[in-house]
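Engineer: First, the structure itself, so that you have it in front of you.
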């Protein structure tokens, strides 16, 4: 099976690529070629065993066709995106990556089917940003009302995945990812990056000023948990998704104060001494008022959250 991972040099993409290379299969299907696409991969060789690193613009259909060649795709993990703050600041770039590239990949599935091939599994990394303002409890019936360009474009991607799946051109699954911990410090444009900083900095003994109050609540998962769910998303029978291709992943709901307590239990009480709070209205409005979450449909399909907050902390930042 030929597998494509976009955004493969990113935080989640690189971890997913390493997992797929290590496992060598998805479910019972062996991976015969693993195509990793991104703008650059540093000093990594372009080819390494079954791995082919492709450097280019996903929205360039001519480049995409040449890079992938004639081998049919068995599965696509579409992780490449321009996130929150960067998408707000640069609409043209966000549209090219978040919309044009998504459509180009889906069209690849259509062309493959119309040429007599099988529809590829298409795992689209969507986001909880599709929700926007949330009610007192979020579940599988909660309407989507994104308030930022990133969330709107992810929702459009979900609709496209639904439509191409309905037509039989892809076997799509749109997984709504929560915050993923702990991202390395980098200028990604993600307004939620402080959630990773809040774990990394105090554990290193460095002072951290949280831009939300101790009572503010959010959702997040560890990187290993997200990778598990992405791989499961490619292997799970679409019939278990309950007739809908978009699914909110199970995750943990916690307050900032509870998170600091969990860090102290895992990494030592000294963590508390270096954390302070200086709430910023916009940040807390966007990320600090998340309600309890019910993901019954995802649980029934076999997706899982981290076991608890201490497990999240250990998985995201293992003790030395």
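Laboratory data are not the source of any read-out in this text; all were calculated from the coordinates shown. As the structure is a prediction and not an experimental result, all values here were calculated from the model. Every residue, glycine among them, receives a Cβ derived from its backbone with ideal geometry; neighbour counts consider all protein chains shown.
Engineer: Expressed as an acute angle from 0 to 90° and rounded to the nearest 10, what is the orientation of the C-alpha long axis of helix 101-114 relative to the principal long axis of the chain?
Structural biologist: 30 degrees
Engineer: What share of the DSSP beta bridges in the chain is antiparallel, in percent to the nearest 5? It would help to have the intermediate numbers written out before the result.
Structural biologist: Working: 8 of 44 bridges.
In the chain, approximately 20 percent of DSSP beta bridges are antiparallel ones.
Engineer: Also, quick follow-up: Taking springs between alpha-carbon atoms closer than 10 angstrom, which of 109, 302, 74 fluctuates most in the Gaussian network model of the chain?
Structural biologist: In this elastic network of the chain, the residue with the biggest mean-square fluctuation among 109, 302, 74 is 302.
Engineer: Quick one: angle between helix 149-166 and the longest Cα principal axis of the chain, in degrees between 0 and 90, rounded to 10, please.
Structural biologist: The helix 149-166 is inclined about 40 degrees to the chain.
Engineer: Also: Return the single residue from 47, 267, 78 with maximal mean-square fluctuation; model: Gaussian network over the chain, springs between Cα atoms under 10 Å.
Structural biologist: Sorting by GNM fluctuation, first place goes to 47.
Engineer: Over the range 45-115, consider all pairs of different Cα atoms and compute the Kirkwood hydrodynamic radius from their mean reciprocal separation; express it in Å, one decimal. Mind showing how you got there, number by number?
Structural biologist: Numbers: mean 1/r = 0.0741 Å⁻¹.
One over the average 1/r among Cα pairs gives 13.5 Å for the range 45-115.
Engineer: Moving on. With a Förster radius of 25 Å, plug the Cβ-Cβ distance of residue 294 and residue 63 into 1/(1 + (r/R0)^6) and report the FRET value to the nearest 0.05.
Structural biologist: 0.05
Engineer: Run through the DSSP bridge list for the range 181-320 and note the antiparallel percent, rounded to the nearest 5. Mind showing how you got there, number by number?
Structural biologist: On the way: 4 of 9 bridges.
Restricted to the range 181-320, the bridges split so that about 45 percent are antiparallel.
Engineer: Label points 7 Å out from Cα along the Cβ direction at residue 237 and residue 29: separation in nm?
Structural biologist: Going from the residue 237 label point to the residue 29 one covers 1.6 nm.
Engineer: Among 296, 136, 264, which one moves the most in a GNM of the chain with springs linking Cα atoms closer than 10 Å?
Structural biologist: So, out of 296, 136, 264, the one fluctuating most is 136.
Engineer: Nearest 10 degrees is fine. How inclined is helix 194-203 to the longest principal axis of the chain, computing both from alpha carbons?
Structural biologist: 60 degrees
Engineer: Pairs of Cα atoms under 8 Å, at least six residues apart: use those to get the relative contact order of the chain, whole percent.
Structural biologist: On the way: 629 pairs, mean separation 54.3, N = 320.
About 17 percent, as a whole number.
Engineer: In Å and on Cα atoms, what radius of gyration and Dmax does the range 119-182 show?
Structural biologist: Gyration radius and largest Cα-Cα distance of the range 119-182: 12.7, 39 Å.
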